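Chemist: Take a look at the following structure, please.
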Amino acid sequence: MVVVVVLGALVAVALVAAAHRYVWLRLVRDTTAPGGLARTAGTVAAVVLPLLAVGAMVSGRAGAPFWLQQTLAWPGFLWLATLLYLLLALVVGEAVRPLLRRLPARGRDGEAARSMGAAPQETTAGPESGRTPESAPKPESKPQSAPESAPEPEAPSAPVPAPAPESAPAPAPAPGRAAAAGPEPVPATVLASQSAPAPTRAPAPLATPSRRLFVSRVVGGAAAAAALATVGNGMHGVLRGPRVKRLTVPLAKLPRAAHGFRIAVVSDIHLGPILGRAHSRRVVDTINATQPDLIAVVGDLVDGSVRDLGPAAEPLADLTARHGAFFVTGNHEYFSGAAEWVDHVRELGMRPLENERVEIAGFDLAGVNDIAGESEGSGPDFGKALGDRDQARASVLLAHQPVVIHDAVRHGVDLQLSGHTHGGQLWPGNYLAELANPTVAGLERYEDTQLYVSRGAGAWGPPVRVGAPSDITVVELASRQA
């Protein structure tokens, strides 16, 4: 078992490292100059950001000071969400990249060459002409004679050879070949260099990136913009607070007197280093505004200890409903000290249902501990919660994880209310959630039992939701006898 865990951890680390290297290659190496400030900054970010993400994930479990958890959580978790959508956008960009490279360059040949990254050609004004290469004579054209105003060579030590006839250009002397007469003859090329003005270089055009660099910057910039926009919008949805959904669920055994009974279902609030007191206040105000008959908090209330998050949970004491507020544990309570939190929510006015049930007007309300409690000897006990009840009465079960639906079916539960999945939270995470849960979000039927799964009111890890908006659901029970 230990070997499997270690191998799984190594595979996860390798995948994360490969993802960061790919992002660095596409966003930093392919778009910046070697040794430049942008390359250096991008490389530093590619090292620091994953370290912050690891710190954000392990600091809470390691018992780090709460201020340090908060410091690491914002940049670390937000980077994880951004990394996900950067990868998705860059993968799409791989399909677009070849198409952009095939686009024809606009303009004349010179402009096309510059847009394709061709080196600018130098132009030299020689003694024969001050023309640019475009206006220079063709090879078959008649060569121009040297201008009369060319300066005389300074103190010539030998007679200057006669210029070549106009009908043909003077051949360049071979290296080391001597003149026909005169002591220590000077080569004609040297004389020409002495009599000609210094070569002048035409102004170089502004440097333009190559087509490959241009495409890399376009694709990388578009991917970064898409990722940041997606994460920003998803974060706004979480910090704005959950929206209210309304759902009517008919129950065959529900008496007419209980018709229209309204249960406000809230799950996965996830108070922690990022979502604190302001978040719990938004949740409480939203629930109270619906004026429910009963409030069901179905697990994953917190990500941290009572010592750190007690002040953030205080607004929950203001929850108001005619039949009260009830609570069952989620898996994250067992990461945070479940027994201590059960006592604390009782102090806040909520009633924990630890494998027990109560009779409400017209139906039984039961609650079971989360399956994560099995490691502490306090897992779900359906027999204790439902075993000896009157089967003629309608029953509603609060259970954090949807996977216990099959136990609920065996015990004749009419409606199970759950959370845990977050609806996937970050698309395409919903497809992964479907692999581990019978229902990811919404209402479904399993034989005679209906299962409703809330997307939750908060977020775990990144305070971001994409394709799975947070919600608080008001479930209205309907009697078939009404």
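The values are calculated or read from the model by the stated rules, or taken from the named source; none is laboratory data. Everything numeric here is computed off the predicted structure, so don't read it as measured data. In this analysis, Cβ positions are derived from the backbone assuming ideal geometry, glycine residues included, and neighbour counts consider all displayed protein chains.
Chemist: Specify the residue that is nearest to residue 261 (Cα to Cα); the eligible residues are those in segment 379-399 that are of a type in the set (D, E, K, R) and exposed (fewer than 14 other Cβ atoms within 10 Å of the Cβ).
Modeler: Taking the candidates together, the pick is 390.
Chemist: Please enumerate the residues belonging to segment 52-70 that are of a type in the set (S, T, N, Q) and part of a helix (DSSP H, G or I).
Modeler: Residues of segment 52-70 that are of a type in the set (S, T, N, Q), as a first pass: 59, 69-70.
Scanning segment 52-70 gives 69, 70.
Chemist: Can you tell me how many residues within segment 397-407 are aliphatic (A, V, I, L, M) and farther than 13 Å from residue 381 by Cβ?
Modeler: Counting residues in segment 397-407 that are aliphatic (A, V, I, L, M) and farther than 13 Å from residue 381 by Cβ gives 3.
Chemist: Limited to segment 217-227, what total is found for residues that are exposed (fewer than 15 other Cβ atoms within 10 Å of the Cβ) and of a type in the set (A, V, I, L, M)?
Modeler: 1
Chemist: Could you tell me whether any residue of segment 341-350 is in contact (Cβ under 8 Å) with a residue 24 or more places away in the chain and part of a strand (DSSP E or B)?
Modeler: no
Chemist: Can you tell me which condition residue 356 does not meet? The list is (1) surrounded by 19 or more Cβ atoms within 10 Å (Cβ to Cβ); (2) closer than 24 Å to residue 408 by Cα; (3) acidic (Asp, Glu), and all the others hold.
Modeler: Just one mismatch for residue 356, condition (1).
Chemist: Could you tell me which residue of segment 207-239 is modelled with the lowest pLDDT, considering only residues that are among the hydroxyl-bearing types (Ser, Thr, Tyr) and in a helix (DSSP H, G or I)?
Modeler: Ranking the qualifying residues of segment 207-239, first place goes to 216.
Chemist: Could you look through segment 1-34, keep only residues that are assigned to a helix (DSSP H, G or I) and among the small types (Gly, Ala, Ser), and pick out the one that is surrounded by the most Cβ atoms within 10 Å (Cβ to Cβ)?
Modeler: Step by step, filter segment 1-34, then rank; the result is 19.
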